[in-house]
Structures are given as C-alpha cells and as structure tokens.
Amino acid sequence: RHKLFSRELPTLMYGFGDVSQPLPESVDVLEDILIDYINHTCVQAAKAAGRRSKVTVDDFKFVLRKDPKKLARVEELIAMNKEIESARSLF
C-alpha cells in the first residue's frame with residue numbers, strides 16, 4: 001500500500017480540530033477511508049458513464065447530486081479552473 005496522502009492528511013486533521021501531530025495509525029486509517037471513498041466515487045462515475053469509454057466531469061456531478069455541499073464544491077472548483085485558464089491565456 002502506498003501512502004498517497006500521508007503528508008497532507010495530518011495538516012487537514014489539525015485544521016479540523018485534531019492534535020498538531022496525529023498518530024500515524026490515525027493518519028493511516030483516515031487514508032484508507034479516503035482511498036475507499038475515492039475508489040467508490042470513481043466506480044460510480046464509471047457506471048454513470050455507461051457505455052461511453054470516457055468518464056466526464058458530468059458523471060462525477062451526477063454521482064454527487066445528492067450531496068449538495070460536495071456538488072457545490074465541484075462547481076466552485078470548475079469555475080475557479082476556468083478563471084485560472086482564462087487568466088493564463090492573457091499572458
């Protein structure tokens with residue numbers, strides 16, 4: 001198992017009220033939960049894509065449609081990405 005998020009998670013945990021140096025076991029458990037969630041979301045998006053060979057942003061939006069906070073965050077990130085791309089095109 002690769003530690004994909006082991007550097008970022010302690011900071012996030014601290015930001016949400018945990019101690020500044022959480023136990024490695026706590027970080028590992030949270031990382032396992034996060035990876036399971038990401039895998040599950042990707043599988044659901046692939047199912048939403050159906051026979052198309054490519055998963056789109058709309059497929060992820062469809063999966064998150066019942067979670068207004070996550071869907072709003074996706075919309076916000078998409079808008080920010082478009083804004084950054086347009087700013088880059090000016091230079």
Filtered residues of region 28-41 (kept if open to solvent by 60 Å² or more (accessible area, probe 1.4 Å) and within 13 Å of the chain's Cα centre (by Cα)):
Ile33, Asp36, Tyr37, Ile38, Asn39, His40
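Checking the conditions here, which among Val74, Val55 is in contact with a helix residue (DSSP H, G or I) (Cβ under 8 Å, 6 or more places away or on another chain), surrounded by 13 or more Cβ atoms within 10 Å (Cβ to Cβ) and part of a helix (DSSP H, G or I)? Break it down stepwise before answering.
Numbers: Val55 fails: part of a helix (DSSP H, G or I).
Only one candidate passes the filter, namely Val74.
Tally the residues that are assigned to a helix (DSSP H, G or I) and either open to solvent by less than 60 Å² (accessible area, probe 1.4 Å) or among the small types (Gly, Ala, Ser) (or both), restricting the search to region 43-52. So that I can check it myself, show each step before the final result.
Going residue by residue through region 43-52, those that are assigned to a helix (DSSP H, G or I) are 43-49.
Of the ones still in play, those that are also either open to solvent by less than 60 Å² (accessible area, probe 1.4 Å) or among the small types (Gly, Ala, Ser) (or both) are 45-46, 48-49.
The total comes to 4.
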Checking Glu25 against (1) part of a helix (DSSP H, G or I); (2) surrounded by 10 or more Cβ atoms within 10 Å (Cβ to Cβ), the condition it does not meet
(2)
Residues located in region 1-20, provided they are without any contact (Cβ under 8 Å) to a residue 24 or more places away in the chain, surrounded by 10 or more Cβ atoms within 10 Å (Cβ to Cβ) and touching a helix residue (DSSP H, G or I) at 6+ places or on another chain (Cβ under 9 Å):
Pro10, Leu12, Met13, Asp18, Val19
In region 58-71, residue farthest from the chain's Cα centre (by Cα) [restricted to those that are closer than 24 Å to Leu4 by Cβ and not in a helix (DSSP H, G or I)]:
Asp67
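The values are calculated or read from the model by the stated rules, or taken from the named source; none is laboratory data. The structure displayed is predicted, hence computed values, not measured ones. All Cβ positions, glycine included, derive from the backbone under ideal geometry; neighbour counts span all protein chains shown. In case anyone asks, the SASA skips ligands and DNA or RNA and just uses the protein heavy atoms, side chains included. Shrake-Rupley method; radii C 1.70, N 1.55, O 1.52, S 1.80 Å.
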